[in-house]
Amino acid sequence: SRRRHTRFTSDWSSDVCSSDLLHVLAASLWIGGLLHLAVVIWSLRDVRVDTRVQLLADLVPRFSNIGLITVCTLFITGVYNASLTVGSMEALFSSPYGNSMLIKLGVIIPVLMLAAVNLLVIRPKLKIDFNKRMVLYLRRVVTTEAILGVCVLAAAGNLATIPPVRTFSRQMVL
């Protein structure tokens, strides 16, 4: 991630690089974890219902904890990185980089909404009454969340090909 922008700017500090690295690591953990969770849920289709329910009742809260930590990390590092690369709300809406970031955010919002459903609806029901119907619901939500997560990665890949706003505006002045 740092390399993608070094061709556009040379004033990267160690805290910027650390923030960028944390952002990439958190995204990898979250989206990679979602993909694995979706595969596990689908692979348990042929397992006895009571066994499947018990396995998922143990697994989902563990993943939820990791997901919560990674999403918080993504939020903090994302806001920090955006403040450095975009710089202003005006630039967010009027530059190619800002528009690409808005597309990424537009995909992230439904992912976060599904994550909230998992955390606030499904996880508490695991403790009370986790049945076959909840497993089906969980499978649908996690699968959709994982697919959208891959779309977020694609949007981030596109974002990495565009010069940051602050550099773009410097190039326009020169």
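Name the most mobile residue of 94, 19, 83, meaning the one with the largest mean-square fluctuation, in a Gaussian network model of the chain with Cα contacts below 10 Å. Ranking 94, 19, 83 by mean-square fluctuation puts 94 first.
Here the stretch 91-107 and the stretch 129-157 have alpha carbon centers that stand 24 Å from each other. When the surface is traced with a 1.4 Å probe over the full set of protein chains, residue 107 keeps roughly 30 Å² accessible. In the chain, Rg over Rh equals 1.08, where Rg is the alpha-carbon radius of gyration and Rh the Kirkwood radius from pairwise Cα distances. For the chain, the membrane-span-like helix rule (DSSP H, alpha carbon extent of at least 20 Å along the helix axis, mean Kyte-Doolittle at least -1.0) picks out 14-43, 49-85, 96-117, 132-159; this says nothing about an actual membrane. The helix-only estimate of mean residue ellipticity at 222 nm for the chain, built from DSSP H runs of length n ≥ 4 each weighted as -39500 (n - 2.57), is -28000 deg cm²/dmol after division by the residue total. Springs between Cα atoms under 10 Å define the GNM used for the chain, and in it the highest mean-square fluctuation of 37, 55, 119 occurs at 55. Its Cα gyration tensor gives the stretch 38-133 an equivalent ellipsoid. The semi-axes, each the square root of 5 times an eigenvalue, are 37, 13, 11 Å from largest down.
Across 120, 59, the residue with the most accessible area heads the list, and the full order at a 1.4 Å probe is 120, 59. Summary: within the chain, the longest segment free of trypsin sites (Lys or Arg not before Pro) located in DSSP loops with at most 12 other C-beta atoms within 10 Å is 49-174.
Comparing 147, 128, 41 in a Gaussian network model of the chain, where Cα atoms under 10 Å apart are tied by springs, the biggest mean-square fluctuation is seen for 128. Accessible area per residue for the chain is 58 Å², calculated with a 1.4 Å probe on protein heavy atoms, without ligands, DNA or RNA.
The values are calculated or read from the model by the stated rules, or taken from the named source; none is laboratory data. Predicted model, so just to flag it, every value in this text is computed and none were measured. For neighbour counting, all protein chains shown are included, and Cβ atoms are generated from backbone atoms with ideal geometry for every residue, glycine included. In case anyone asks, the SASA skips ligands and DNA or RNA and just uses the protein heavy atoms, side chains included. Shrake-Rupley method; radii C 1.70, N 1.55, O 1.52, S 1.80 Å.
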